[in-house]
Each structure stands twice: as structure tokens, then as C-alpha cells.
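A short worksheet on the structure shown next.
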Amino acid sequence: MPKIKAIKSARHNCTIFSHEDCSILFLPTIFSSAMCLHQTVWAKRAILGYDGFPQTVFKEEEISETSITAIHNKLTNFFNWLSTYSNDSQYVNIDTHHNLPELLLNHYINDVLVSQQQCSESSMDHHLMALRYYYDYLAMSGLTNAKNIRLTAKNKKVVRQNTKKRTAVKYLTPELRSLLYRQTASLRDELLLRTGGELGLRSKENQGLLLDDFMVGNKKHHGFKSLFAQMGAMPDRDEFTYHLQGKYTKAHRNSGGGKARTLYIHRSLLSKFKRYYDEERPESSEDTLLVNNSYSHIGTAIAKSTASRTFTKIKKRVLAMQVNGEVGQFGQMVEEDHTHHILRHSFGTDKFYELCQKNRIAIDDVSPTSLVYLTVARLMGHSAENREAPTTTKTYIRSCHIKEMFEHRGVS
């Protein structure tokens, strides 16, 4: 169990770092408060002074919410490593971490993260960002001297090699997806995974599943209460449609907003949504269908990352089952690098493959202008007009070949 925890506080609009006994880790909490107040950080910069000699100054820079989240996560990792490290050292203590020698900070970066944990380039960028901004803030505040936290030239090459090693298969077979669904502890968590694997939703898009009818412009769209009523009134209907609003989807670069799309919900999945609404959903004033069920946040709207965190929790459970020989001996196995997004990608791959079969088009012959690609792009909320379209197509083509490989092995 982690000894240092990071708890997001809505009241204080920052993240509170605390020990396992709930006592606050003061300095990183103050840093978080300062960073979240105006979404800015203070970065160390070297400039030439009036006398011609270099001097260190700290410049305020804007930072995104995504980067703030990454900083909080990586600082939590660092403090927990430091807490463990301090158990075997009489000179290092978590409460005096602001005065850690530069040598130890770079040991954490170059030996622990690169060599031991084999972090990728993206992960290392986040770790370096977190430690640099944090210790720059402490130095600016006069609480420590400026630190030069860096990745060695040798380890830059190692990190690139670590990145190349991350070759998790970008497709989950229906059987493996079903196994993941069965390991959930609640119907809500099962639905958070199924919306990825059966509707192609990104984690944050689950916030766009609304109970009541809503207006977009001059057009009225059905919420899930209306869909439940339709399901009861039309016993022979197998598919129902739901309008996912653009404000809940991923915004394309330079587009100014997300792309709305239609979700096609099979009766079996809609039945699970209704059972959740009737039997498990806590009383709530929220219009979102899926809400929190934890004691401290019961009935509140789920966060953007709730589905991602649920997938990670279930993935760890299945990984342990695989290690113990309980599953996976004859089928596809879940991998450490798999994330929630693999469910969405698997859904897109299945649709791409089905349309190729239906239209009798060879997988390798699909082009960005073909009906197959344009249909899948619409289902996934992709733009079929930008320059990334061919890259997206190639990704589905590769995944379709992986799907065929598992099917030919008899383990799809």
C-alpha cells in the first residue's frame, strides 16, 4: 500500500499530499495549491546579468490541466520511492526531501526510472517535468538551492530503447474482453469497460451518457430514460441510438471542439444499463447515468479518468490471475502496457473487419477514401479529412491482421 497519497480536494482546488497516518506533506501541497490557482508553474532559466555573468531567474509559465495531473501523479511516485528508500538510509528522510542532494535526485531519474523501471520517453518527460517544476518552485521560494535534474546522454538512448520495447498487441479478443468484464466488482464498473469495448467510448466520454432528454440546437435527443422506455415498448428491436454530444468528445487539433457522433447500443447492453439504473445506481441529482458509488463521493458524477482507472484495476487483477496460471494458458493474455484505450481500439478493429467482410474488400486494399474507412471514422468520431487519416487506417489494418491471427489459432 502506498505510504504517500495524493487526494484531489475540490474545496481547496488542489491536490493534498499526505502520509499514511493522514498527516499532510506540507511543501508539495503548497506547491500544488500555487500551481492550480492560476494553472502556472515557475521554471528555472539562466540569463546573462548586467555584469555579463550568467544568473538564475524563475519565470512563470502557463500549464495545462493534463500536465498538472501528470505532475501530481509523478510526484506521488517519487515520494513513495523516497519513503521506501529512506527506510535503509540514516541520512534521507521524507520530511526533509526539499534538501535532497542533486546526486540522489539524478539517481532516481537515471538509475531507478530508466534502468530499473524501464520508463518510456513519454513517461520520462513527465517525471522530469514534475521534479524540475517542483524543485524550481522550492528554490524560488528560498527553501532549497537550485537543482540540475537531468537525463544523461547515455540514458537518453536507453529510454528510446525502452520505448521500442513497449509492443503490447493493440487488440483484445472478444474472449479476453469478456474475461475483463467478469472481473469487475460492480455493474457500474462492468459498464465502464463495456462502453469502451462495445461502443468505442473514450474514458471521459462516459460523462456524456445522460438520463434526461436534451436539446442540441433546435433538435431534441433522447436520454437513457427515453431509451429504456423505447426498449420496453419495442420488444423486437435489437438496436437503439444515442446522440453523444461534441462537448463530451475529444476535440481535434485546431478544430475548436469535439465531434458529435451516434452510438448504436445493442439491446443486451441497454438492458445492463437499465438494470444498473434500477438496482445499483445511488440516489443522485446528477443527470449523468453513471455516477460514483464510493462512500465519500456517492452519487456524484464520475470523473474523466474513472473508466481508465477501473480498467487499470481490473487489468492488475487479470495479470495476477495469469501469473498464478488461472487463465490465459490457451488464449490471448492481457499485457502490462494495455490501457483502457485498447477497448475502444478493439471495437474499432471489429467494425473495420466486419465492414471489409460485408463489402468483400481485402483489408490491405482499404484506403482513407473508401466506404469502410469513412464509416468506421464516423463511428469512432475520427476526422476522415485531416492528414492523420492514412495513419489511422494503417493502425486498423494492422489490428485486423492481429485479429485474424488469433482467430486462425482458434483463440479469438
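The values are calculated or read from the model by the stated rules, or taken from the named source; none is laboratory data. From a predicted model like this one, the values you see are computed outputs, not experimental measurements. A quick note on method: Cβ atoms are made from the backbone with ideal geometry, for glycine too, and the neighbour counts reach across all protein chains shown. Heads up: the accessible areas ignore ligands, DNA and RNA and are worked out on the full protein's heavy atoms, side chains in. Shrake-Rupley method; radii C 1.70, N 1.55, O 1.52, S 1.80 Å.
The single condition from (1) under 30 Å from Met405 (Cα atoms); (2) at pLDDT below 95; (3) among the hydroxyl-bearing types (Ser, Thr, Tyr) that Thr152 fails is (1).
Before we move on, is Leu151 within 22 Å of Thr15 (Cβ to Cβ) and surrounded by fewer than 21 Cβ atoms within 10 Å (Cβ to Cβ)?
So Leu151 fails the test.
Pairing residues of segment 86-99 that are touching a residue at least 40 places away in the same chain (Cβ under 8 Å) and closer than 19 Å to Ala139 by Cβ with residues that are in a loop (DSSP other than H, G, I, E, B) and open to solvent by 30 Å² or more (accessible area, probe 1.4 Å), at Cβ distances under 8 Å and at least 6 apart in sequence or on separate chains, gives His98/Leu143. Going by the structure shown, is Ser284 within 19 Å of Asn206 (Cα to Cα) and not in a loop (DSSP other than H, G, I, E, B)? In short, no. Here the strands (runs of 3 or more DSSP E) wholly within segment 169-279 that include at least 2 residues being surrounded by 14 or more Cβ atoms within 10 Å (Cβ to Cβ) are 239-244, 261-266.
Results for (1) assigned to a helix (DSSP H, G or I); (2) open to solvent by less than 10 Å² (accessible area, probe 1.4 Å); (3) farther than 21 Å from Ile4 by Cβ, shown as yes or no for each residue.
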site	(1), (2), (3)
His97	yes, yes, no
His107	yes, no, no
Val114	yes, yes, yes
Leu131	yes, yes, no
Tyr137	yes, no, no
Thr144	no, no, no
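Per-residue answers, yes or no, for (1) polar (S, T, N, Q); (2) under 19 Å from Tyr135 (Cα atoms); (3) at pLDDT below 90:
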| position | (1), (2), (3) |
| --- | --- |
| Phe26 | no, yes, no |
| Thr29 | yes, yes, no |
| Ser32 | yes, yes, no |
| Thr40 | yes, yes, no |
| Leu75 | no, yes, no |
| Trp81 | no, yes, no |
| Asp88 | no, no, yes |
| His98 | no, yes, no |
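Residue-wise test of (1) part of a loop (DSSP other than H, G, I, E, B); (2) over 18 Å from Val169 (Cβ atoms); (3) at pLDDT below 95; (4) open to solvent by 20 Å² or more (accessible area, probe 1.4 Å).
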{"site": "Arg309", "(1), (2), (3), (4)": "no, yes, no, yes"}
{"site": "Ser346", "(1), (2), (3), (4)": "no, no, no, no"}
{"site": "His382", "(1), (2), (3), (4)": "yes, yes, yes, yes"}
{"site": "Thr395", "(1), (2), (3), (4)": "no, no, yes, yes"}
{"site": "Met405", "(1), (2), (3), (4)": "no, no, yes, yes"}
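Only residues that are within 14 Å of the chain's Cα centre (by Cα) and surrounded by fewer than 16 Cβ atoms within 10 Å (Cβ to Cβ) were counted in segment 313-335, giving 1. Residues that are in a loop (DSSP other than H, G, I, E, B), surrounded by 14 or more Cβ atoms within 10 Å (Cβ to Cβ) and basic (Lys, Arg) within segment 1-29 comprise just one, Lys3. For segment 30-41, a residue qualifies if it is assigned to a strand (DSSP E or B) and under 17 Å from Lys74 (Cβ atoms), and exactly one does: Val41.
Could you tell me which of the residues Asp350, Asp364 is in a helix (DSSP H, G or I), touching a helix residue (DSSP H, G or I) at 6+ places or on another chain (Cβ under 8 Å) and at pLDDT below 95? Steps first, please.
On the way: Asp350 fails: at pLDDT below 95.
Only one candidate qualifies: Asp364.
Look through segment 40-86, keep the residues that are hydroxyl-bearing (Ser, Thr, Tyr), open to solvent by 40 Å² or more (accessible area, probe 1.4 Å) and over 25 Å from the mean Cα position of the chain (by Cα), and return whichever of them is farthest from His19 (Cα to Cα).
At the first step, the residues of segment 40-86 found to be hydroxyl-bearing (Ser, Thr, Tyr) are 40, 50, 56, 64, 66-67, 69, 76, 83-86.
Among the residues that remain, those that are also open to solvent by 40 Å² or more (accessible area, probe 1.4 Å) are: 50, 56, 64, 66, 69, 84-85.
Remaining after also requiring over 25 Å from the mean Cα position of the chain (by Cα): 50, 56, 84-85.
Working: Tyr50: 45, Thr56: 33, Thr84: 13, Tyr85: 15 Å.
This residue is Tyr50.
In summary, Ala301 fulfils each of the numbered conditions (1) touching a residue at least 60 places away in the same chain (Cβ under 8 Å); (2) closer than 30 Å to Thr395 by Cα with the single exception of condition (2).
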